[in-house]
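Input: a single structure, listed below in structure tokens.
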């Protein structure tokens with residue numbers, strides 16, 4: 001017979017649940033701050049280009065600079081922080097993020113802004129990696145995927161509220177204003193984490209040397225990251241030049257751009273929420289099937305781009321499918337990382353930002369070659385197809401290893 005729950009026990013459980021909820025909110029606000037900063041440049045790219053006196057394709061290098069910063073920062077900061085308490089590490093990462101957003105806001109030239117964006121990217125992946133681990137550790141094991149999705153939900157909501165608002169703000173108050181606001185969001189995150197996230201020690205016995213050896217010698221890790229980089233490279237090639245696609249291909253006024261950015265954000269929110277539910281079904285199947293669907297959506301984007309407002313629901317679906325794949329990739333990489341959990345949780349964001357850099361670069365090459373602003377979607381679909389092929393190899397090796405273990 002189960003003992004009755006006392007009033008004090010019920011009150012304690014309720015308080016604990018409330019505390020965990022506020023901790024999850026604090027982590028999600030950090031995701032919101034980063035998501036707003038990462039994607040706002042795409043929405044105000046013409047204004048930024050005009051402000052620092054370069055062409056729009058040249059200004060696209062700022063997106064690549066941020067992405068390269070993420071790629072460089074993830075292994076360095078994640079390995080350095082493997083043995084550090086996670087709450088303090090989260091605070092340090094987000095405080096650094098805020099400082100470099102201020103540098104972006106006051107940059108006096110393209111060169112200064114380029115390096116400010118690079119430096120701002122450094123804490124990005126490490127923050128999401130550590131935040132995902134903290135969220136997973138606070139949740140029931142069977143809801144681990146949903147907990148990670150909630151952290152990513154902050155990133156998605158940024159594309160519904162933060163990025164459209166930043167696009168509007170950049171168009172009306174100048175391109176510097178959105179970066180200043182991002183610095184304020186980072187400061188709010190630091191305060192929230194300090195107040196609500198419990199102290200969580202580092203993984204026992206974790207060292208940079210041990211994590212690096214376990215992670216970088218793992219075949220499944222490499223296959224997963226390469227598949228993510230190629231698949232999302234295609235997605236970013238499609239989305240990076242959304243502002244110019246709206247005005248020069250869909251032939252709409254620039255005032256429509258925030259609505260398309262909003263559509264992308266709504267798709268991300270819907271996809272991230274749906275991903276949390278799909279993770280309870282099968283991480284591997286969700287990852288594979290929706291990776292294939294992502295290729296299809298890029299092709300649909302190419303066909304729909306000249307059709308005015310009919311492009312809006314396509315942008316929504318591109319983001320929805322992409323967000324499902326991103327969350328599934330995150331959980332998959334955490335699962336295959338074995339003893340390198342800190343690095344594994346963070347490296348997904350390095351892979352995504354390799355994709356970001358490649359996508360922006362491929363898009364610029366295609367446009368500079370004389371093709372229209374919708375042409376990067378075709379190049380992106382080709383990249384994503386290669387990613388699906390690599391993912392297929394990963395799945396086959398996964399099944400073979402499972403059969404070998406079962407027969408042992």
Q) Looking at (1) out of contact with any helix residue (DSSP H, G or I) (no Cβ under 6 Å at 6 or more places or on another chain); (2) within 22 Å of residue 195 (Cα to Cα); (3) surrounded by 20 or more Cβ atoms within 10 Å (Cβ to Cβ), which is the only condition residue 75 fails? A) (2)
Q. Considering 33, 67, 23, which residue is within 19 Å of the chain's Cα centre (by Cα), at pLDDT below 90 and under 28 Å from residue 266 (Cβ atoms)?
A. 67
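Specify which of the listed residues (306, 313) is farther than 17 Å from residue 236 by Cα, at pLDDT 85 or above, in contact with a helix residue (DSSP H, G or I) (Cβ under 8 Å, 6 or more places away or on another chain) and not in a helix (DSSP H, G or I). Write out each step before concluding.
On the way: 313 fails: not in a helix (DSSP H, G or I).
Every option except 306 fails the conditions.
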(Q) Being closer than 20 Å to residue 121 by Cα and either at pLDDT 85 or above or in a helix (DSSP H, G or I) (or both): is that true of residue 351 here? (A) yes
(Q) Considering only residues that are assigned to a helix (DSSP H, G or I) and crowded, with 22+ Cβ neighbours inside 10 Å, which ones fall in the stretch 191-200? (A) 193
Q: Scan 226, 321 and give me the residue that is modelled with pLDDT of 90 or more and either surrounded by 21 or more Cβ atoms within 10 Å (Cβ to Cβ) or closer than 27 Å to residue 125 by Cβ (or both).
A: 321
Q: Could you please let me know if residue 84 is modelled with pLDDT under 80 and either assigned to a helix (DSSP H, G or I) or surrounded by fewer than 24 Cβ atoms within 10 Å (Cβ to Cβ) (or both)?
A: yes
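For the stretch 214-261, name all the residues that are out of contact with any helix residue (DSSP H, G or I) (no Cβ under 9 Å at 6 or more places or on another chain) and in contact (Cβ under 8 Å) with a residue 24 or more places away in the chain. Outline the logic, then answer.
At the first step, the residues of the stretch 214-261 found to be out of contact with any helix residue (DSSP H, G or I) (no Cβ under 9 Å at 6 or more places or on another chain) are 217, 248.
If the condition is that a residue be out of contact with any helix residue (DSSP H, G or I) (no Cβ under 9 Å at 6 or more places or on another chain) and in contact (Cβ under 8 Å) with a residue 24 or more places away in the chain, then 248 is the only one that fits.
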Q: Determine which single condition residue 369 fails, assuming it passes every other condition in (1) more than 18 Å from residue 248 (Cβ to Cβ); (2) surrounded by fewer than 20 Cβ atoms within 10 Å (Cβ to Cβ).
A: (1)
Q. Which of (1) more than 26 Å from residue 60 (Cα to Cα); (2) assigned to a helix (DSSP H, G or I) does residue 338 not meet, given it meets every other one?
A. (2)
Q.
If residue 237 satisfies all but one of (1) assigned to a helix (DSSP H, G or I); (2) over 26 Å from residue 391 (Cβ atoms), what's the number of the condition it fails?
A. (2)
Q) Taking into account only those residues within the stretch 268-299 that are touching a residue at least 60 places away in the same chain (Cβ under 8 Å) and farther than 19 Å from residue 148 by Cβ, which is nearest to the chain's Cα centre (by Cα)? A) 294
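The values are calculated or read from the model by the stated rules, or taken from the named source; none is laboratory data. Because the structure is predicted, anything quoted here is derived from the model rather than measured. Note that we place each Cβ from the backbone using ideal geometry, even for glycine, and neighbour counts take in every protein chain shown.
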